[in-house]
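The values are calculated or read from the model by the stated rules, or taken from the named source; none is laboratory data. Bear in mind that the values here come from a model prediction, so they are computed numbers and not experimental data. Cβ coordinates were reconstructed from backbone atoms using ideal geometry, including for glycine residues, and neighbour counts include every protein chain displayed.
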Amino acid sequence: MGAEKMDRIGSLPEEVLSHILSFLTTKEAAITSILSKRWRNLFTLVPNLDIDDSVFLNPEEGKRERDGILQSFMDFVDRVLALQGDTPIKKFSLKCKTGIDTDRVNRWIRNALQRGVTSLELVLDFPRHGDDSYMYLLPVEMFVSTKLVELSLRSDFGVDWWRGGTNTFLPMLKTLTFESKWILLCDDLEVFLSAFPLLEEFYMADIAWPETDESVSSQSLRKLTIHACGFEDFQNPMSISFDTPNLVYLAYSDYVAADYPKVNLPNLAEALLDFKVTGHQIDLIREPDDEDEVSLRLGNVWKLISGLRNVNKLFISAETLEVSCYFPKRQMFLK
């Protein structure tokens, strides 16, 4: 019965089989090549590649040492890409950590871009060198792709997005995800977002703002999520503006900024707010130099909240309510 079921599966069209294999990791899909002669090269037709070095770095007992495993992983990826040739690819997911040759990583990414990848997920944890002068650089070709629709970047050690990419323009990008404490941008956020004219979803997590004035400005953006971790030893953000007239969803977790000079959110339907105060702000509250300074550094949060007047759903964290207790009473009413 088992053989009959296998025969039934094996008799399916190649397009169906390759679609089934697309739900597996690339290593699992490659293993199916031993099933029979017909399956030998089917995995090379899979339009999705899911490459994860942890599959190799958690081997069964008795396997080779780490260096040998890393080399085996890199050779495996090279072979897979060589076997696939220039067949089109839809999604490329790459998860790599310390020890992988970054030049080869960039070659793999370029390969996916040249084959018209539309969804690119990169989880790359390459630490800086001891002098902090080096950070892994993404390939320049990624900054000018005319095919990318979804892009996700995650790293514990940082992403140098903009270096070498000052001419960035991704005309088809609709979803952008950042999860990293260190994201180096050559220009401010407003200029950065202008490189994505069709962007609809922007997700930033575990980020720390630079000590500058920032503006989230986009005519196309519909969903925005900001989870800023910040650093207790730093001042709170300088100022943050929101000029996103078509935004319908906002999730915003951050330290209270000194000011929110522009809040243009006329179509916002749902908002989640989670504000915190820095140690410096608490010191001002406990021992203010003068009352106006406290008002300036805390009261301006109501400029943002007043801009949410059209929302249907508003979720406010308990910490945000606690922060609101610091505000002067005259600023605690929405206008």
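Data overview
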read-out	value
Pair list, Cβ < 8 Å and 6+ apart or interchain, from segment 101-114 residues that are under 17 Å from LEU173 (Cα atoms) to residues that are surrounded by 14 or more Cβ atoms within 10 Å (Cβ to Cβ) and among the hydroxyl-bearing types (Ser, Thr, Tyr)	LEU113/SER145
Which listed residue is within 20 Å of LEU170 (Cβ to Cβ), at pLDDT 95 or above and surrounded by 14 or more Cβ atoms within 10 Å (Cβ to Cβ), from VAL117, VAL123	VAL117
Helices (runs of 4 or more DSSP H) contained entirely in segment 226-335, each with at least 1 residues that are modelled with pLDDT of 65 or more and of a type in the set (A, V, I, L, M, F, W, C)	279-286, 301-306, 318-324
Residue count for segment 171-186, restricted to those that are in a loop (DSSP other than H, G, I, E, B) and at pLDDT below 95	5
